[in-house]
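Taken together, the values in this text are just the output of simple stated rules run on the coordinates, not laboratory data. Quick caveat, the model's predicted, so the values are computed rather than measured. Cβ atoms come from the backbone with ideal geometry, glycine included; neighbour counts cover every protein chain shown.
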Amino acid sequence: MDERRTVKVSKYLSKHLRHQPVGAPPTPSRQWGRIGLALDETGWVEIDTLIAAATAHGFRFTRDELDHVVAANDKKRFAVDGTRIRASQGHSVEVDLGLPPATPPPYLYHGTVDRFLDAIRAEGLRPMNRHAVHLSADRETATRVGARRGRPVVLPVDSAAMHRDGHLFHISANGVWLTESVPPRYLRFS
Ligand code: HQG
């Protein structure tokens, strides 16, 4: 499987396992997406169902290709559990990943770009379209996250103080730290 195909299938999976726009009225436990796929309330879907839905909507891939994408993915974005798959983080649709609260390291890092700084100074970090603010355990990863949007700016987060003050943190299966929001006082602007 060449790199382009791997990225293409990975992006397709991200779209439908994280962000599928709701196509029918959701119930508390179901989100129906553009390809008629129902994730369960914890974000899992049967792999056979996913492949069938994708095929029915004109995007074909095999189970072998899916396994390759899951294994080769640079960020380990997807988790497979027996016959099911889910995105490990990054959702915009309502899911409960069931991650237990975790104690963060003293500092975490957020990668962003200059044009957001005024707003971030004023209101802190907000999840924007996702369910949680994404934080990295190291500066290098945060730099890569920020670089998706331009010249990266890395903001250290005083996660020890946040944790002490009762803010909850979770760590996704692929090592991304998640929290609901980061008020400005916990951010370090140099
Ligand atoms: C910014 C990728 C204005 C925030 C990455 C970011 C990550 C604000 C953008 C994962 C703000 C949201 C998540 C505020 C935050 N005012 N802008 N108050 N608060 N922002 O994509 O962290 O490849 O939702 O700085 O590697 O960039 O998809 O979040 O620039 O792990 O697996 O609003 O997505 O992973 O953007 O990235 P995003 P993110 P994947």
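Some observations on this one:
- Helical content alone sets the calculated 222 nm signal of the chain at -9000 deg cm²/dmol, taking -39,500 (n - 2.57) per DSSP H segment of four or more residues and averaging over every residue.
- For Leu125, the amide hydrogen comes within under 5 Å of the amide hydrogens of Val182, counting only partners 5 or more places away or on other chains and with H modelled in the peptide plane.
- Coupling constants for region 127-138 follow from the phi torsions by the Karplus curve (6.51 cos²θ - 1.76 cosθ + 1.60, θ = phi - 60°), and in residue order they are x, 6, 7, 9, 8, 8, 6, 9, 10, 10, 7, 9 Hz; glycine and proline get x.
- Within region 107-186: Cβ-based charge dipole about Cα centre, in debye rounded to nearest 20 (Lys, Arg +1; Asp, Glu -1): 260 debye
- The stretch between Val113 and Lys15, if pulled fully straight at 0.36 nm per residue, gains 32.9 nm over its current Cα-Cα span.
- For His19, distant residues with modelled amide H under 5 Å away: Ser92
- Here the Kirkwood formula puts the hydrodynamic radius of the chain at 17.7 Å, using every distinct Cα pair.
- Of all aspartates and glutamates in the structure, the ones whose alpha carbon falls short of 18 Å from that of Lys8, not counting any fewer than 8 places away in one chain, are Asp64, Glu65, Asp67, Asp74.
- Folded to 0 to 90 degrees: helix 63-72 orientation relative to the chain principal axis, Cα: 20 degrees
- For region 148-155, backbone phi angles converted through the Karplus equation (6.51, -1.76, 1.60; θ = phi - 60°) give residue-by-residue couplings of 4, 10, x, 5, x, 10, 9, 9 Hz, Gly and Pro being listed as x.
- Longest segment of the chain lacking chymotrypsin sites (Phe, Trp or Tyr not before Pro) that sit in a DSSP loop with at most 15 other Cβ atoms within 10 Å: 60-188
- Cα centre as origin, Lys/Arg/Asp/Glu Cβ charges: the chain dipole, Debye: 640 debye
- Options His110, Thr179, Ala147, ranked by Cα towards positive dipole end of region 107-186, top entry (Cβ charges): Ala147
- Label-to-label distance, nm, for residues given as Glu140 and Met128 (7 Å Cα→Cβ offset): 2.4 nm
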